[in-house]
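In what follows, a structure is listed as structure tokens, so that the remarks can point back to it.
A short reminder: the numbers here are calculations on the coordinates, not readings from a lab. Computed from a prediction, not measured in an experiment: that's the story for all the values here. Glycine also receives a Cβ, built like all others from the backbone with ideal geometry; neighbour counts cover every protein chain displayed.
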Amino acid sequence: MNEELAKAIHDKMLAMLRRPLKFSPVVLMLVIGFAIYALCSPLAFAQNASVKVMLDPNFHVPAPPMDNFPYNTEHVFVSSMAMLALGILMTIIAAVHSVRAKNSVPVCLVLAAAFCVVPECFDNVLGGCFWAQDHRSILYFLLGREFDYYVITMWYAFGAILGYIVYVALSRGVKTKVLWMAFGLAGIADIIIEEILLNYGGTYMYYGHQPLVLLTRFPWWWLFANMGGLFLGASIAYRLRDWLNGWKACFLFILFPVCYIGMWSFAAMPAAFAIQGDFSWLTTQLLGIATCILALVGTCGTIRFVLNRNPFDMGGLPEETVRVRPDAAKARAQQYISQ
């Protein structure tokens with residue numbers, strides 16, 4: 001009896017996975033279950049990742065640590081060299097991609113990641129992120145923050161890896177399911193990179209009432225906000241790849257950081273309220289979850305309006321693939337008929 005029940009459950013789950021994803025009571029229950037787990041799990045109490053929150057007596061918001069977070073010269077150098085090496089590696093890979101595709105967009109997209117250091121001051125102030133300062137090698141000073149040159153190398157590798165993963169998936173004409181998997185893979189890469197850097201210490205930290213610190217030091221709402229912005233930038237670069245080819249690919253140095261901070265701002269507002277406020281633990285976590293949801297909504301909008309796909313049709317293919325491959329067009333037609 002137990003074997004028959006297990007087989008029935010297995011067959012039912014396979015049937016669900018083979019159908020295009022839709023909003024159904026089952027999916028809603030899974031989302032709610034994950035939210036409850038995130039709120040109730042002991043992992044969600046890893047709030048000691050931030051310094052003790054001290055509200056500024058004048059502005060009544062959490063004050064950045066400033067010089068209380070010491071600049072570690074050795075750690076900054078090691079972290080910068082490691083990230084620079086990753087950035088150069090991604091640039092070489094993207095350059096080979098550009099040569100093979102006879103299109104300058106891939107390599108310029110990777111190089112454009114370094115320019116995301118410009119809006120970094122904006123999301124750092126609202127999102128409670130602080131980079132260590134030595135007050136000597138200052139790249140720029142905005143919104144009361146000093147940003148050193150090493151921040152460029154961090155963003156160069158970080159944005160290059162996450163953005164290029166999405167671009168490669170798009171350039172291969174994958175199904176929407178694989179596109180979501182690329183989104184998830186880039187998100188996992190974000191967690192790994194940031195957890196390593198944060199635990200190594202001496203370069204940057206998160207402060208304030210950060211929601212969803214589910215492992216050790218990295219607030220997970222940041223990965224959704226980051227990925228939403230980088231996904232938008234990579235998608236627009238892919239959609240305009242023919243027009244941007246050649247010298248016009250330099251426009252990506254403006255387009256990519258603008259897309260990043262635009263989507264980040266759209267999604268991060270609830271989490272920013274939590275970080276800059278003094279709410280209960282439950283309210284703080286719910287605001288973080290709201291940011292994750294908004295980032296996913298924004299990503300769905302990118303897939304629908306930029307890439308002209310149905311974000312919930314997991315078997316969907318890009319239009320150009322359907323036109324080139326008659327078998328794919330026939331498969332799509334049969335899929336809609338069966339529905």
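Rg/Rh for segment 103-184 stands at 1.09; both radii use Cα atoms, and Rh follows the Kirkwood definition.
Consider a paramagnetic label point 7 Å from the Cα of Lys102 along Cα→Cβ; state which residues of segment 245-283 have an amide N under 15 Å from it. Answer for segment 245-283: 245-246. Distance between the pseudo-spin-label points of Arg136 and Val61 (7 Å out from Cα toward the beta carbon): 3.1 nm. Under the simplified labelling scheme, the Phe253-Ala189 pair shows an inter-label distance of 2.3 nm, with each label point 7 Å from Cα along Cα→Cβ.
Site pair Met81 and Ala95 shows an inter-label distance of 2.2 nm when each label is modelled 7 Å from Cα along Cα→Cβ. If the segment from Asn310 to Ile293 were pulled out straight at 0.36 nm per residue, it would be longer than the present Cα-Cα gap by 4.3 nm.
Based on the Stokes-Einstein relation at 37 °C and a viscosity of 0.692 mPa s, and on the Kirkwood radius from alpha carbon pairs, segment 63-106 is assigned a translational diffusion coefficient of 252 µm²/s.
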